[in-house]
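The values are calculated or read from the model by the stated rules, or taken from the named source; none is laboratory data. Because the structure is predicted, anything quoted here is derived from the model rather than measured. Quick reminder, even Gly has a Cβ in these numbers, built from the backbone with ideal geometry, and neighbours come from all protein chains shown. Areas reflect the complete protein model, heavy atoms only, side chains present, ligands, DNA and RNA absent. Shrake-Rupley method; radii C 1.70, N 1.55, O 1.52, S 1.80 Å.
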Amino acid sequence: MRTYTCLVTDNRYSVPTLSFYLTTDQERARELARRDLAANPHHTAFEVRDGDRLLFVEDRQALSG
């Protein structure tokens with residue numbers, strides 16, 4: 001298992017929220033980020049990192065387009 005760091009952009013707050021995914025791999029982390037975006041209409045983007053390395057950003061506009 002790996003721990004992925006997430007910075008969640010929420011349209012209600014000016015500072016991103018820090019959260020973590022404990023999962024098997026990067027693709028599972030991407031799936032969880034997309035699921036979280038779909039589940040919460042206030043979340044606008046997820047920046048997912050492995051340590052200090054940016055892996056990907058999922059945002060609401062990309063999911064709907």
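Values for this structure:
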item: Those residues of region 25-34 which are open to solvent by less than 90 Å² (accessible area, probe 1.4 Å) and either of a type in the set (Lys, Arg) or assigned to a loop (DSSP other than H, G, I, E, B) (or both), in sequence order; result: Asp25, Arg28, Arg30
item: Criterion (open to solvent by 60 Å² or more (accessible area, probe 1.4 Å) and either in a strand (DSSP E or B) or of a type in the set (A, V, I, L, M) (or both)) met by exactly one of Leu37, Leu22, Leu55; result: Leu22
item: Criterion violated by Asp36 - all others in (1) of a type in the set (D, E, K, R); (2) farther than 16 Å from Asp59 by Cα; (3) within 11 Å of the chain's Cα centre (by Cα) satisfied; result: (2)
item: Extreme residue, surrounded by the fewest Cβ atoms within 10 Å (Cβ to Cβ), among residues of region 2-19 that are assigned to a loop (DSSP other than H, G, I, E, B) and touching a His at 6+ places or on another chain (Cβ under 7 Å); result: Arg12
